[in-house]
Structures are given as structure tokens and as C-alpha cells.
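Just below is one structure, and these are the notes that go with it.
Any read-out appearing in this document is the output of simple, stated calculations on the displayed coordinates, not a laboratory observation. Being a predicted model, the structure only gives us computed values, none of them experimental. Positions of Cβ are generated from backbone atoms using ideal geometry, with glycine treated the same way; all protein chains shown enter the neighbour counts.
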Amino acid sequence: MADTRILLLGNAGSEALNKILGKPGRTMTRIEDAEQFVKAAPDHDVVVLDAVPPPRTVADLCRELSALPDLVEVPILAITSTDDVEERIRLLEAGADDVMIRPIDERELDARVEALDLRHRRSKELRPSTLVAATRRPGRRLIALYSPKGGVGTTTVAVNVALAIGARMPDAVAVVDLTPMAGHVATHLDIKPKLTVGDLMRDSQGMISPEILRTTYLTKDARGIQVLAGSPGPSTAPLMSGEDATRTLEGLLTAVPNVVVDLGSHLDDRVVASLEAADDVVIVVTPDFPALKATYSFLEYLSEAGPRIAEPTIVVNEVYALQTLTPGDIENALGRRVAIRIPYDPLLYLRAANQGTPVFASAPTSQPARRYDQLAAILLGEDAPTAASESRRRGLAGIFGRS
Ligand SMILES: Nc1ncnc2c1ncn2[C@@H]1O[C@H](COP(=O)(O)OP(=O)(O)OP(=O)(O)O)[C@@H](O)[C@H]1O
Ligand SMILES: [Mg+2]
């Protein structure tokens, strides 16, 4: 395997950096001038920002690098002296993939550079090719997000991808919460609509009328998307048949050209009907055995007796600080290609959850936001991952020694 090419912005001062970034298997180039550094960055696998010459700051440079199309995939490791959460958030928001605090621990630096390098190699393998995906209703697109296991980030991915599509096509996307309980989409967006899916289910005229849906049930969010909220609590959750779900989604698609629907993690008639109606089916999975097993079983069910649905787009949501399974492990376990991985980021997500502003809106140049933008491109058919549907059936047993 070729050496990992690392570009360091800094002076010769740090022994840990020189030793770890230049160890066998890595080739380090050190540059002290920021302009030259930016020019050289695209030819590298990982860039490290140590000493940034004034007047620029590390955050300025993260922003500058993130804005360059050639550098979208090149991971940025920012090094800072302040052990301050706000500073970390600022750097992540500015586009850093990872942040380390001085003094640098050699083993930690080694592990983080390794992880960033793996991520870069992987994203190169998954480099998209252009392919225009057809939809069932010309000019209209229904994107359904589902996970056979709860708590994996399905709602998070749904609202962020809706915002990413909204950023490309203002006023042309609605996000709909068809989960049976608790209306998390509205919570993630911090909106309190008067009417929800629960009310709509009692309004058979409203369900099929784009005009009524637009004027009465869809709430315009300040960030450029429309929202149809789910039932606020279990007691108000409507019993929705498959026909109701199809009718509602068809009505919404007439009102708004792109509809993103959060289907949660139960498998009932509404979910099956929504999956069947969708142009894109996104399955969210976390890198752990329970989620992978549930997803594997769901994919088996689809291939054996289940509903006929669009080829699923698999999104791995990295919700753990430690990466114990490689993307290859996950693909082997599922027997499918992974379309995209959403990076772990406790700080940005915690803040997003507590403030009701999804990461795509609160930190638009951050790594997770850029991944959501890429996912939007894949789903819209601008970029399709190569061999997205290639089968790699090997099953779970080989990976975990479990079945
Ligand atoms: N990549 C990530 N890194 C860190 N935290 C994350 C990440 N993705 C999601 N989270 C957090 O995980 C929590 C659960 O996310 P979310 O509500 O989207 O899951 P869900 O699959 O929709 O759950 P449910 O099954 O309850 O509907 C949220 O607090 C969210 O902020
Ligand atoms: Mg949810």
C-alpha cells in the first residue's frame, strides 16, 4: 500500500508531530506558509494544522480548506492549545474533521491520523459517479428513511438530509414524520405545529388535497423546508393503514416536489406502503451487532418475501467514539455497499439536539453537514455511489463469530 501522504502546517518545533506523522508508512511534508499549504493540500491524504501564521487562525484555515472543492474528501486534523469546548465546536463548525489539544500524546495522535487516513481511503473508493436516477412521478421524489432498529439516528439523518435538499432547492422539500410515536421530527427542528399527522388522519379530504395540505397541515420552517409533524404523544398516535400512508404521501408529493419521510423503526402497514411508494429508500444503521443483525434480517426479508422496493441506500451513522468495525466489516456483515458514513460528533449533535437546530443548519461547513450534502446529492441522483447495489453477501457470522 502506498505511503499515507500527510501535509503539516507548522514549524519544526513539535517532536511528537515529526515522529508520528513521519513514521514508516507515512510521508510527511511540512510547510510554514499558509498560501503554499493550501495549494499543496489536495495532493495529500490527511492535512494537519499545527502552527498557523497570523493573522489567520486555525479556524480561518479550516474554513478556507473546507470551501475548496478539491479538498472535500481530505480530512483535516486541527491542533489547538485551549481545552475549551467552545473552541472545539468552533473548529468542528469551521470544517475540521478532528481536533487535538496540546500537549500531544503520541499514541493518540497516531490513532487519530490512522482513523482519518482510513476514512479518506474509504471515501475515495466510494467516489461517486454521475447517474441520473429516475423517479416514479416525473419531477417528484419521495425519500423514505427507515431503520429496523430504533435509536440509530434515523430522525437525525431525515431532518438533516431534508435541510440539505432544501439548501439546494429552496421551498421544494417537505419532511414528514410518519413514525407512530412522539413526533421527533418537530422536536429536532424545534417547531410546534398546531396540526399533526394525527389530525390529518381524521381529515380524509385534507389527506388527498395538495391545497389543504399546503395551507393547513404543512408548517414552513424558517430554514427553508416544510414540515408535517408526527403525533405529539403515543395517546394521540393515529392508527394509519397502508392506504392512508400512500394517500398522504401522494398528496404531499403533489403539494411539494421532494418529500422526505421519517418512518422510524417499526414495521407495519404504513411503513411497508411508504417504502413501496418511495423513489429512494434509506436504511440507517449504526456500527454495532444489534443494528447490523436487525438490518441484515430486514434485507433478507426484502429479498425473500418482502415488498418490492427501490434498492436501499445504506447509511452508516457513526454514533460511537470508538471505531471498532471498519467500513469493510460492515459491508461484509450486511452483504451490501455502504453509500455514505456520517461521522461521530458528540458536541455538534448534543448542541443541535438541545437547541433544536440540526447540524446541517447550525454548523453548515462541518464534516457531518458536508456528508449530509453528499447524501442529498446521492439521493437526488446527482451522484450515485459506484456499485451501490453490488452484492457482497457473506453474512454476519464471519465478522463477529456470531450468527
Ligand atoms: N453521528 C452522531 N454522532 C453523535 N450523536 C448522534 C449522531 N447521530 C445521532 N446522534 C444523536 O443520537 C440521538 C438519537 O438520534 P435520533 O433521534 O435521530 O434517533 P432515531 O433512530 O430517530 O431514534 P428513535 O428510534 O427513537 O426514533 C440524538 O440525540 C442525536 O443527536
Ligand atoms: Mg426517530
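How big is the antiparallel share of DSSP beta bridges in the range 26-175, given as a percent to the nearest 5?
The antiparallel proportion sits near 10 percent.
Do you know the relative contact order of the chain, to the nearest whole percent, from alpha carbon pairs under 8 angstrom that are 6+ apart?
Rounded, it is 18 percent for the chain.
Hey, which aspartates and glutamates would be in cross-link range of Lys192, C-alpha to C-alpha under 15 Å, not counting anything within fewer than 8 residues on its own chain?
Output for Lys192: Asp177, Asp221.
Using the 10 angstrom Cβ neighbour count as an exposure proxy, how do His266, His188 rank, fewest first?
Going from sparsest to densest Cβ surroundings: His266, His188.
For the chain, give the magnitude of the charge dipole about the Cα centre (Cβ charges: +1 Lys/Arg, -1 Asp/Glu; no others), in debye to the nearest 20.
The calculated dipole for the chain is roughly 620 debye.
Using only the alpha carbons, work out the radius of gyration and Dmax of the range 4-125 in angstrom.
13.0, 37
In the chain, which whole DSSP H runs stretch at least 15 Å along their own axis (Cα) and average 0.5 or higher on the Kyte-Doolittle scale?
Span-like helices here: 154-168.
Listing Asp60, Asp199, Asp221 from the residue with the fewest other Cβ atoms within 10 Å to the one with the most, what is the order?
The fewest-first ordering by Cβ neighbours comes to Asp60, Asp199, Asp221.
Taking a cut-off of 25 Å between Cα atoms, list the lysines near Lys23, but don't count ones fewer than 8 places away on the same chain.
Those lysines meeting the cut-off are Lys39, Lys124.
GNM, the chain, Cα, under 10 Å: largest mean-square fluctuation among Glu114, Glu304, Glu64?
Glu304
Under a cut-off of 18 Å between alpha-carbon atoms, report the lysines in cross-link reach of Lys293, not counting same-chain residues fewer than 8 places apart.
Lys149
Report Rg (one decimal) and Dmax (nearest whole number) for the chain, counting Cα atoms only, units Å.
22.2, 71
Against the globular-protein guess of 2.2 N^0.38 Å, express the Cα radius of gyration of the range 128-285 as a ratio, rounded to two decimals.
0.94
For the range 313-357, take the convex hull of the Cα atoms, compute a quarter of its surface area, and give me that in nm², please.
Convex hull of Cα atoms, orientation-averaged projection: 3.7 nm².
Show me the three semi-axes of the equivalent ellipsoid for the range 163-210, from the C-alpha gyration tensor (sqrt of 5 times each eigenvalue), largest first, rounded to whole Å.
They are 21, 16, 9 Å, listed from largest to smallest.
Any idea how far apart Arg168 and Glu32 come out in nm if each label point goes 7 Å out from Cα toward Cβ?
4.5
With Cβ to Cβ distances under 14 Å as the rule, what net charge do the other residues near Glu86 carry (K, R +1; D, E -1)?
The answer is -1.
Quick one: order Ser241, Ser81 by neighbouring beta-carbon count within 10 Å, fewest to most.
Taking fewest neighbouring Cβ atoms as first place, the list is Ser81, Ser241.
Just how far, in whole angstrom, is the range 165-208 from the range 243-317 if you go by their alpha carbon centroids?
17
What percent antiparallel are the DSSP beta bridges of the chain, to the nearest 5?
10
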